[in-house]
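The values are calculated or read from the model by the stated rules, or taken from the named source; none is laboratory data. What you see is a predicted model; the values in this text were computed from it and never measured. Because the Cβ atoms are built from the backbone with ideal geometry, glycine has one as well, and the counts that use them run over all protein chains shown. Calculation scope for accessible area: heavy atoms of the full protein, side chains included, ligands and nucleic acids excluded. Shrake-Rupley method; radii C 1.70, N 1.55, O 1.52, S 1.80 Å.
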Amino acid sequence: MQTRSGIAPRAEAIQQDAGEYLARLHMLIHELHLSMDAIANRALPELEESISRQLFLCSRLSQASFSSTAHLSYLGASSSTADAELAQRISSATGDLIHLNKCYSRLLQHSGDTVRLFQSLCSSYSGQAQRDSPIRWSCEL
C-alpha cells in the first residue's frame, strides 16, 4: 500500500524518524561545541545549561524509535537516492559526534586535572595539608 507521495507508510515513518534523529544528532553536536566554548571561557552558567540540554538530547536519542541499526540498514539498502543520502548523513553525523565526544572527554579530563592541581597548590600554599591528595606541593617564601 502506498500513500499519495508514492511511499509506503512504514517507509515514510522511518524517513520521518530518521530525519528527527539526524536533527537531534546535530543539536547534540552543537551543544558539545557550546560546552567546550563555555569551558574555554570559564562560563559556568553556560556550561551547566548546555550540560542540561545534552542530558535531555541524549535521553531523547536513546528513546528514539529510529535508533536501531535495522532502520539505518533499511535506509542504506533502499533504492531511493534520498534514503541512501539520509543514511549517509546519519552515519557521518554519528562519526562526527563520536570524534567530538572524545575531544570533549579529553577536555573535561584535562580541566579536572587542572582544577585538582590548583586546589592542591592553593591548599599547600595556605598551609592546609591535603592528606588524600596525590599531588604534593611545598610553597615556601
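Observations on the structure shown:
- Hz values of 3J(HN,Hα) by residue in segment 108-122 - Karplus curve (6.51, -1.76, 1.60), Gly and Pro given as x: 5, 4, 4, 4, x, 4, 5, 4, 4, 5, 5, 4, 5, 4, 5
- For Arg106, Arg89, the ranking by accessible surface with the largest value first comes to Arg106, Arg89, using a 1.4 Å probe.
- The distance between label points at Leu107 and Ser123 comes to 2.7 nm (points 7 Å beyond Cα on the Cα→Cβ vector).
- Pair Ala23, Cys58: separation of 7 Å Cα→Cβ label points (nm): 2.3
- Nitroxide proxy distance, nm - points 7 Å out along Cα→Cβ at Arg116 and Leu100: 2.8
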